[in-house]
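The values are calculated or read from the model by the stated rules, or taken from the named source; none is laboratory data. Please read all numbers here as calculations on a predicted model, not as lab measurements. Counting neighbours? That spans all protein chains shown, and the Cβs are built from the backbone with ideal geometry, glycine included.
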Amino acid sequence: MGNLSADSMLQHIVAASTLYTLHFMEEVSARLGWAWEPREVTSGRRPVLEIAGIDQRLIGWQSTRRQQIADVLPVFVADYEEAQGHSPGERAAYALDRQAADQTRPPKRKVTRSLSELRDGWRASAIRAFGACVLYRLAERARAAAAAVWARVRPVVDVALAAVEVAAVVYVMRGAFRRRHLLAEARRHRAYVLRGRPHQPGLDEQIVQTAVDNYTRPIGRMMSADLRALYPRQIDDQPVLRPLTRARTKAPYERARTSGPASPPAH
């Protein structure tokens, strides 16, 4: 077996992270009976998955650091858009986020606290802010919200439809891409669909292979979307190209999701 280099590991860190998220969500749901729901934090960006039924006041109360970053991020984004003439893509947005985080990072504490001390402090702070009822009924409300989620959400992954969405999103976010980028997006798609229900091992690879076989074309050592295959009923008049490549005022993820319905291959 060959050696693993740090570079090769870092190249796959996003795909590994999305697989970890799948397992984490599944474990939380299995142990606690909770479900997950997507919430749009930034318009046009990927939604984040949060535990259903958790009081948004509690989430905001524990998001002080995130809010500090959000307060200065628009300045970095505006400077980027002025210099580049379009909204930042996925990689650029991540870099801008890190710049905002570095600028607002508070000094490190000189005296460390144990986990039990941190928990006691968090609990006391939450009770002072919202009352004991909100805190101690948190698990009960999350389970009730999970029951409502499972009543309306059917956690079934359609490989053909997933391949269409994965190919479209990765194309808009990156233009040229590699298999690992499709794999990461396939795992994100499964997380949104399953909401914490058990996932079938290997299904993400099936989604990726379907996307590669049906909706991509090679460009050198990488690949890109085959728009004629991805949008067979639209490409002749090229309406799909406008939202995919020209609507620069929209965030990339929003362009990918609103570019128009694609058709999976007939079976």
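The lone criterion from (1) of a type in the set (Val, Ile, Thr); (2) touching a His at 6+ places or on another chain (Cβ under 7 Å); (3) surrounded by fewer than 14 Cβ atoms within 10 Å (Cβ to Cβ) left unmet by Thr112 is number (2). When Ala95 is tested against (1) farther than 30 Å from Ile207 by Cα; (2) free of Cβ contacts under 8 Å to residues at least 60 places away in the same chain, just one condition goes unmet, and that condition is (1).
Quick grid of which residues meet (1) within 30 Å of Ala35 (Cβ to Cβ); (2) modelled with pLDDT of 90 or more; (3) out of contact with any His (no Cβ under 7 Å at 6 or more places or on another chain):
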residue	(1), (2), (3)
Ala163	yes, yes, yes
Ala167	yes, yes, yes
Leu194	yes, yes, yes
Ser224	no, yes, yes
Asp237	no, no, yes
Ala251	yes, no, yes
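Taken over the stretch 184-204, the criterion of being surrounded by 24 or more Cβ atoms within 10 Å (Cβ to Cβ) and of a type in the set (A, V, I, L, M) is satisfied by Ala186 alone.
Quick one: would you say Gln68 is surrounded by 14 or more Cβ atoms within 10 Å (Cβ to Cβ) and either touching a Leu at 6+ places or on another chain (Cβ under 6 Å) or not β-branched (Val, Ile, Thr) (or both)? Spelling it out, Gln68 is indeed surrounded by 14 or more Cβ atoms within 10 Å (Cβ to Cβ) and either touching a Leu at 6+ places or on another chain (Cβ under 6 Å) or not β-branched (Val, Ile, Thr) (or both).
Show the residue pairs that are 6+ apart or on different chains and have beta-carbon atoms under 7 Å apart, the first residue being within the stretch 8-35 and charged (D, E, K, R), the second being at pLDDT 95 or above. Short answer, once both residue conditions are applied: none.
Results for (1) part of a loop (DSSP other than H, G, I, E, B); (2) acidic (Asp, Glu); (3) closer than 25 Å to Ile59 by Cβ, shown as yes or no for each residue.
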residue	(1), (2), (3)
Val77	no, no, yes
His86	yes, no, no
Asp97	no, yes, yes
Gln103	no, no, yes
Thr112	yes, no, no
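For Val170, indicate whether it is outside any loop (DSSP other than H, G, I, E, B), touching a Leu at 6+ places or on another chain (Cβ under 9 Å) and either crowded, with 17+ Cβ neighbours inside 10 Å or of a type in the set (Lys, Arg) (or both). It would help to see each step written out before you state the result.
Numbers: outside any loop (DSSP other than H, G, I, E, B): yes; touching a Leu at 6+ places or on another chain (Cβ under 9 Å): yes; either crowded, with 17+ Cβ neighbours inside 10 Å or of a type in the set (Lys, Arg) (or both): yes.
So Val170 fits the description; yes.
Entry remark, the stretch 36-59: residues being touching a residue at least 40 places away in the same chain (Cβ under 8 Å), among the acidic types (Asp, Glu) and closer than 23 Å to Asp204 by Cβ number 1 in total.
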